[in-house]
Amino acid sequence: MSEHCHCHCHDEESHTPRNRYEEAFGKYNCHLHDEEVHAAVTRLLESKKAQYNTPEVLRELLSTVELTTLTVTDSQESVMRFTEKVNAFAEAHPDLPHLATICVYPNFAKTVSETLSVEGVEVACVSGGFPSSQTFQEIKVAETALALHEGATEIDMVLSVGAFLEGDYETCADEIAEMKAVCGEYDLKVILETGALQTAENIKRASILSIYAGADFIKTSTGKISVSATPEAAYVMCQTIKEYFQETGVRIGFKAAGGVSTVDDALTYYTIVRELLGKEWLDENLFRIGTSRLANLLVQAITGTDEKPF
């Protein structure tokens, strides 16, 4: 674990690696039942969601959007045009919030950083063998360092899900800690790939491990497997963030990504964050939505037009 780790799990030299993380899990209720989580999310959304479908909330949601392009056809020219759309939107709509982030592959960090002219929009890069995390740790570190050198201001990495499911928590946590050490002052988001974790209990444990290892944000999904973000995964992740804050006073961010494609989807995740974590999490520093489609729909809902700026 690096000096950026959120826990003190190396303080006890006598602890075995496995016990170290089991001790962290033991501070939380990890014995979750999927049916109970689903029922809790359903009750929450049925009772609270409708009240947040307001113009003010839609504007807040726009400010949390990480406009994302992660396709095989991305090129320097296409990413430049993509970024110029964000510039043009901010110039045409000074009355509306700017987006939170542009999210691209690491080799486009320089293109975005040199093209972007909107103050306050971050440059996020997926890194570390995205989307599978299946490469050498040295490659993950080098890719991340290069992305930051080229202008990235945030890094999104993927948890080593295979190692996690095998119970190799030491490998998972050390990878996150090393990546955070490379990021330094810049935010590190750890993608749990919750669809591959499958159960609420696994999602809870992966959330705890990632936070304790140094994650500044925990993120649902890559969007590259069949099951992406779900309200149930978001509920478990936000509950973990809440419990961690109650224990430590440290606020960890939450990002929903993968399949968040409608305004209604966005309102679902807004409701979960607002009701579990409170107003303090409702800004772009702690709440993000990664999407390639939602931004235009939010603009249309806010302006009442058919505009498609992105």
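The values are calculated or read from the model by the stated rules, or taken from the named source; none is laboratory data. Keep in mind the model is a prediction, meaning the values are calculated, not measured. Counting neighbours? That spans all protein chains shown, and the Cβs are built from the backbone with ideal geometry, glycine included. Remember, those area values only see protein heavy atoms, side chains included, never the ligands or the DNA or RNA. Shrake-Rupley method; radii C 1.70, N 1.55, O 1.52, S 1.80 Å.
Would you point out the residue of region 193-236, among those that are in contact (Cβ under 8 Å) with a residue 60 or more places away in the chain and of a type in the set (Ser, Thr, Tyr), that is nearest to LEU32 (Cα to Cα)? Ranking the candidates gives THR199 first. Residues in region 122-160 that are open to solvent by 10 Å² or more (accessible area, probe 1.4 Å), part of a loop (DSSP other than H, G, I, E, B), touching a strand residue (DSSP E or B) at 6+ places or on another chain (Cβ under 9 Å) and within 19 Å of ALA257 (Cα to Cα): GLY129, PHE130, PRO131, SER132, THR153. The numbered conditions (1) open to solvent by 30 Å² or more (accessible area, probe 1.4 Å); (2) touching a residue at least 24 places away in the same chain (Cβ under 8 Å); (3) among the aromatic types (Phe, Trp, Tyr) are all true for PHE108 except (1).
Looking only at region 77-121, residues that are of a type in the set (Asp, Glu) and assigned to a loop (DSSP other than H, G, I, E, B) come to 2 in all.
Taking into account only those residues within region 186-195 that are over 17 Å from THR230 (Cα atoms) and crowded, with 22+ Cβ neighbours inside 10 Å, which is farthest from the chain's Cα centre (by Cα)?
It comes out as LEU188.
Quick check on my filter: what residues within region 167-182 are of a type in the set (A, V, I, L, M) and either open to solvent by less than 10 Å² (accessible area, probe 1.4 Å) or out of contact with any helix residue (DSSP H, G or I) (no Cβ under 7 Å at 6 or more places or on another chain) (or both)? The answer is ALA173, ILE176, ALA177, MET179, ALA181.
Name the residue that is modelled with the lowest pLDDT, counting only residues in region 23-38 that are in a helix (DSSP H, G or I) and open to solvent by less than 40 Å² (accessible area, probe 1.4 Å).
So in region 23-38, the residues in a helix (DSSP H, G or I) come out as 23-25, 34-38.
Subset that is open to solvent by less than 40 Å² (accessible area, probe 1.4 Å): 24-25, 37.
Details: ALA24: 88, PHE25: 93, VAL37: 98.
It comes out as ALA24.
Given the criteria acidic (Asp, Glu) and at pLDDT 95 or above, does ASP265 qualify? If you could, list the steps in order and put the result at the bottom.
Numbers: acidic (Asp, Glu): yes; at pLDDT 95 or above: yes.
Taking the combined requirement at face value, the residue satisfies it.
Tally up the residues in region 196-213 that are open to solvent by 20 Å² or more (accessible area, probe 1.4 Å) and either touching a strand residue (DSSP E or B) at 6+ places or on another chain (Cβ under 6 Å) or assigned to a helix (DSSP H, G or I) (or both), please. Show your work before the answer.
Within region 196-213, the subset open to solvent by 20 Å² or more (accessible area, probe 1.4 Å) is 196, 198-199, 201-202, 205.
Cutting the leftovers down to either touching a strand residue (DSSP E or B) at 6+ places or on another chain (Cβ under 6 Å) or assigned to a helix (DSSP H, G or I) (or both) gives us 196, 201-202, 205.
Number of matching residues: 4.
The number of residues in region 231-272 being surrounded by 22 or more Cβ atoms within 10 Å (Cβ to Cβ), within 13 Å of the chain's Cα centre (by Cα) and not aromatic (Phe, Trp, Tyr) comes to 11.
Specify which of the listed residues (GLU138, GLU91) is within 28 Å of VAL158 (Cβ to Cβ), modelled with pLDDT of 95 or more and charged (D, E, K, R). Checking each option against the conditions leaves just GLU138.
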